[in-house]
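Student: Quick one: the structure is below, questions incoming.
The values are calculated or read from the model by the stated rules, or taken from the named source; none is laboratory data. Just so it is clear, the model here is predicted, and its values are computed rather than measured. Cβ coordinates were reconstructed from backbone atoms using ideal geometry, including for glycine residues, and neighbour counts include every protein chain displayed.
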Amino acid sequence: MSPAPLVQIREATHDVVIDMMYARPDNFTGQVIYGHSFCFLHPEAEACLRRAVAGARGFGYKLKIFDAFRPHEAQEALWAVLPVPGYVADPAKGSNHTRGVAVDLTLLDANGQELDMGTPVDTMTAASHHFYADLPAAVQLNRMKLLTIMLEAGFVHHPMEWWHYQLPEAKEFELVSSAVFAGCLDAAA
């Protein structure tokens, strides 16, 4: 797949809530990773996100995005704190976030409250695995709601992270260069 400019995801244009967790220090690294709170996706992932937004709306929910495109330098910072394949992609191999084709998210109810998914986002334990059996039925149902919405929209899930979805064949997409990302940041500012 050829590289494409990133599309900015905005709350007003995409009917989502954006809460970029790596723009704050209260993430698993304990530090601010992003110097901005802009959210971007590859155009093909953005098209699937729009379908997911419509699907969530049909069930009375809204999507809350925690992370999407991730610059290579940010991937390096995450790997430096937790170099555990399966939870954090080795930056030497590239991340699907760095390709702009992955998104970390959850569902909000009609009152704007996050549905109980059993663990907070970025909890790197077995309890975060999509089909972890030792969870209350209501939590398993909430995870299945998110999974259904995202699969119907064209994404696939990451088995170890209930919050992580990406395009099928994600590794076929080019890594987004720092120069392309800088241009996107300039346009967003």
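Student: Does segment 95-112 contain any residue that is touching a helix residue (DSSP H, G or I) at 6+ places or on another chain (Cβ under 7 Å), modelled with pLDDT under 95 and hydrophobic (A, V, I, L, M, F, W, C)?
Tutor: no
Student: Go through (1) surrounded by 13 or more Cβ atoms within 10 Å (Cβ to Cβ); (2) farther than 16 Å from Gln166 by Cβ; (3) touching an Asp or Glu at 6+ places or on another chain (Cβ under 9 Å) for Gly60 and report which single condition fails.
Tutor: Only one criterion is unmet by Gly60, namely (1).
Student: Out of (1) surrounded by fewer than 16 Cβ atoms within 10 Å (Cβ to Cβ); (2) under 17 Å from the mean Cα position of the chain (by Cα); (3) under 18 Å from Leu185 (Cα atoms); (4) in contact (Cβ under 8 Å) with a residue 40 or more places away in the chain, what's the single condition that is false for Pro5?
Tutor: (2)
Student: Something else now. Please name all residue pairs, on different chains or six or more residues apart, with Cβ atoms under 7 Å, provided the first residue is in segment 120-145 and is surrounded by 12 or more Cβ atoms within 10 Å (Cβ to Cβ) and the second residue is of a type in the set (Lys, Arg).
Tutor: His130/Arg143
Student: Counting only residues that are touching a Ser or Thr at 6+ places or on another chain (Cβ under 6 Å) and either over 18 Å from Glu172 (Cβ atoms) or of a type outside the set (Phe, Trp, Tyr) (or both), give me the helices (runs of 4 or more DSSP H) lying completely in segment 1-113 with at least 3 of them.
Tutor: By residue number, 72-81.
Student: Another question, then. Can you tell me how many residues in segment 131-171 are in a loop (DSSP other than H, G, I, E, B) and touching a Cys at 6+ places or on another chain (Cβ under 7 Å)?
Tutor: The total comes to 3.
Student: Looking only at segment 75-93, decide whether some residue is among the hydrophobic types (A, V, I, L, M, F, W, C), at pLDDT 95 or above and within 21 Å of Pro43 (Cα to Cα).
Tutor: No: segment 75-93 contains no residue that is among the hydrophobic types (A, V, I, L, M, F, W, C), at pLDDT 95 or above and within 21 Å of Pro43 (Cα to Cα).
Student: Right, another one. Give just the number: which of (1) more than 15 Å from Phe28 (Cβ to Cβ); (2) surrounded by fewer than 22 Cβ atoms within 10 Å (Cβ to Cβ); (3) touching a strand residue (DSSP E or B) at 6+ places or on another chain (Cβ under 7 Å); (4) in contact (Cβ under 8 Å) with a residue 24 or more places away in the chain does Ala68 not satisfy?
Tutor: Of everything listed in (1) more than 15 Å from Phe28 (Cβ to Cβ); (2) surrounded by fewer than 22 Cβ atoms within 10 Å (Cβ to Cβ); (3) touching a strand residue (DSSP E or B) at 6+ places or on another chain (Cβ under 7 Å); (4) in contact (Cβ under 8 Å) with a residue 24 or more places away in the chain, Ala68 misses just condition (2).
Student: Would you call Ala153 within 20 Å of Phe66 (Cα to Cα) and surrounded by fewer than 17 Cβ atoms within 10 Å (Cβ to Cβ)?
Tutor: no
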